[in-house]
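Q: Input: one structure, supplied below.
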Amino acid sequence: MADILYTFENSVYLNITNTCPCKCKFCIRNNGDSVGDASTLWFEGHAPSFDEIKSAIDAFDFSDYKGEIIFCGYGEPTAAYKNFVMTCSYIKEKLGLPIRLNTNGLSDLLNGKPTAEEICSLVDTVSISLNQHTAEKYNELCVPAFGEKAFDAMLKFAKECKTCDNVKVVLSVVDVIPAEDIEECKKLADEMGIPLRVRKYTD
């Protein structure tokens, strides 16, 4: 089985699914089988069950890691929503460490229901991939399975997360887009009252 838990730049990551509704042209999983100390992040046959995720957490020595645990692997964590929810609860109960969700913000579409409130009750930080400032440019770059409604759904999710007082919300873009598009993304993020992080692209 692929690595469920791996480390990268002294942070601990959880890889719980390979399913993703987007095919982002810059996605790092297009470049190789692993990140950090993982041998592979590709699951063969089946995605991990909650018991397998729990076992991976139990087997890991967290004594050297006092920072947040980050849901970010070779898929969209909220595509495995039930396992995501149960894993967050288990981390809080067993470890008491802060949790960050890196997400494309399409959880509502993936799960057919509003999810921001529940997600914000489980995590400490939600980092949402904005990626572009218009639906047209977003669709071209991210190729979402949900088509034109994806961009607005992502923005709606971000706005609903922002109403949760207990969670930090961040939007992100990757510096593969033109500088003028990054500036427009900053304007959009400012209008929403959410900070924007410009991420460096890593081959």
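Q: Could you pull out every residue, at least 5 positions away or on a different chain, whose amide H is within less than 5 Å of the one on Ile69? Hs are placed 1.01 Å off N in the peptide plane, and Pro or chain starts have none.
A: So Ile69 has HN proximity to Ile99, Arg100.
Q: Three principal axis extents, largest first, for the C-alpha atoms of the chain, in Å?
A: Each principal axis gives a Cα extent; for the chain these are 45, 37, 32 Å.
Q: Report, ordered by chain and residue number, the lysines lying within cross-link reach of Lys186, taken as a straight Cα distance under 27 Å and ignoring same-chain residues fewer than 8 apart.
A: Lys23, Lys25, Lys137, Lys149, Lys156, Lys159, Lys162, Lys168, Lys200
Q: Also, I was wondering about something else. Given H placed on each backbone N at 1.01 Å, which residues far from Val174 in sequence or on other chains put an amide H within less than 5 Å of it?
A: For Val174, whose amide H was placed from the backbone, the distant partners under 5 Å are Asn131, Arg199.
Q: For the stretch 164-197 and the stretch 55-126, what is the centre-to-centre distance using only Cα atoms, to the nearest Å?
A: A separation of 21 Å, based on Cα centres.
Q: Please list 76-87, 170-181 highest first by mean number of surrounding beta-carbon atoms within 10 Å per residue.
A: Going from most to least packed, we get 76-87, 170-181.
Q: Put a dot 7 Å past each Cα toward the Cβ at Glu191 and Asp33; how far apart are the dots in nm?
A: About 4.5 nm separates the two model spin labels.
Q: For Lys94, which lysines qualify as cross-link partners when the Cα separation must be under 16 Å and same-chain residues fewer than eight apart are set aside?
A: Excluding near neighbours in sequence, the set is Lys54, Lys66.
Q: While we're here: Ratio of alpha-carbon Rg to the 2.2 N^0.38 Å globular estimate for the stretch 1-107, to two decimals, please.
A: The reported ratio for this selection is 1.00.
Q: What residue among Phe146, Gly36, Leu171 has its Cα farthest toward the positive end of the dipole of the stretch 5-199, where the charges are +1 on Lys, Arg and -1 on Asp, Glu, each on the Cβ?
A: Checking the options against the dipole of the stretch 5-199, the answer is Phe146.
Q: From the phi of every residue in the stretch 33-42, what ³J(HN,Hα) in whole Hz does the Karplus formula 6.51 cos²θ - 1.76 cosθ + 1.60 yield, where θ is phi - 60° and glycine or proline is x?
A: Once rounded to whole Hz, the list reads 9, 7, 9, x, 8, 6, 7, 7, 10, 8.
Q: Can you pull the one-decimal nm distance between simple spin-label points at Asp175 and Ala145, each 7 Å off the Cα toward Cβ?
A: Those two pseudo-labels are separated by 3.3 nm.
Each value in this text was obtained by applying a stated rule to the coordinates, not by laboratory testing. Just so we're clear, the structure is a prediction, and the values are computed from it rather than from any experiment. Cβ: placed from backbone, ideal geometry, glycine included. Neighbour counts: every protein chain shown.
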